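Everything below concerns the one structure shown next.
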Amino acid sequence: MTAPTSTEPGTNGGATGSTAPGNVQPSSFQSWLRRPYARWRRRLEASDDEVVTDLRSALDDLGIDRPIPESVDNALRYHNRHTGWWFVLRSIMAIFWVWLWSAVLLGMLTTFVRNMVTKGPKKADVAISKIVSLFNETDPFYFWLAATSFSLATIVAIGSLCIAYSMMLGVPMLFTGSPIAHRNLQPKRDHAPVQVYQPVRQIVEVIKLCAEAAKALGEQKIHKSGDIPSQSTSTLKSIRRAYYMRGTVPLLPMRWGHLRDHARRVVARMHEVERDLYRDADPTLVKLAEMWLTIAERYADGRVGALLDEDLSEVEPVRSWARDRIRDALAVLLTVGAVFFTASLDLPSAIEGYVISGTAVGVLLLVYGSGSIVNMRHR
């Protein structure tokens, strides 16, 4: 009768090895933890594929057999994958910052109004009397010079306050990976900001609308074709800021003017093509989709200075309504200030009119540039 043999732990003959009953594999526990993440990744990938498939289907409906550029494909997938969570975070931070700064400004405004109601009339009388005495005791030239300087300083202060308030409200943009934050913070991981690819997604939506209009018949085609210019408005705004949105151009370089002019010419060219929708819709829809796909490819590749292959030298750039209104207000302010300043010099009446006219021309050149004179002569 032989003695029972002992086995070493972990051998096939022992009961304490890795395959023994009751022992749990660490890998199986880790895989169990990874299941929700893997399921979530599969849903994201399916959503990414759906976005690209929708673009391919729209191009096929329009009869465009161009392959989807790899840069556009990657941009759509990246934007689709990261937009949801960033949108929630941006909304929360925007609500917080709007509430905070609105409360601060409301408190400042309440204090100012209360002081104006209680002490305003007395302080106003004292201020007016001081201004009148200063006008009587000071040479008119220096008085109007000081008044103009004070007015300009006040306008600059108010404008700076408005810009600062806008920047305060724009702080949540940092949490979305804005181009400014991406360029200044310089993260170690080579990830593009989420908002960089927003114009690409907007362009895809316009192309899909073109495909819907191409498939529609009768009255529906007219309505859907007429919706394209309004749908592309936000996209064209992003294209006008392509040099900024892409996040690859340093802040305020010398070439910003060239890139801005090119983007405005591209927008003007798209407006010209959109006008043909009301004359011959079908070929115009195909042409618009091809141009938008080219713009999306160039933008995704970072070629913000060559968004289209066409020669745009003869295209008149679109104008900015807000910038034109600010320029008009500045021209009026400077002209009025120059007239009052000239009148305070006590010049002879024979030359006073010529001096005022020359001042007005100088203001026109200063605000609008020499091109304004050429345009007036053409008209």
*Mind checking the full-extension length gain between LEU330 and LEU44? Use 0.36 nm per residue of separation minus the Cα-Cα distance, one decimal, nm.*
97.8 nm
*asked:* Just to check I understand the Karplus step: with θ = phi - 60° and J = 6.51 cos²θ - 1.76 cosθ + 1.60, what whole-Hz values come out for segment 43-49, glycine and proline as x?
replied: 5, 5, 4, 5, 5, 4, 4
*Stokes-Einstein D (µm²/s) once Rh is taken as the Kirkwood radius of segment 287-356 over alpha-carbon pairs, at 4 °C in 1.567 mPa s*: 77
*Potential extension, SER31-SER349 segment - 0.36 nm per residue separation minus Cα distance*: 105.1 nm
*Under the Kirkwood approximation applied to all pairs of distinct alpha-carbon atoms, what is the hydrodynamic radius of segment 241-316 in Å?*
13.2
*Using 7 Å Cα-to-Cβ label points, what is the ASP65/PHE112 separation (nm, one decimal)?*
6.6
_Could you tell me the calculated FRET efficiency between PHE340 and SER313, based on Cβ-Cβ distance and R0 = 45 angstrom, to the nearest 0.05?_
0.55
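Every number in this text was worked out from the coordinates using simple rules, so none of it is lab data. These numbers come from a predicted model, not from an experiment. For neighbour counting, all protein chains shown are included, and Cβ atoms are generated from backbone atoms with ideal geometry for every residue, glycine included.
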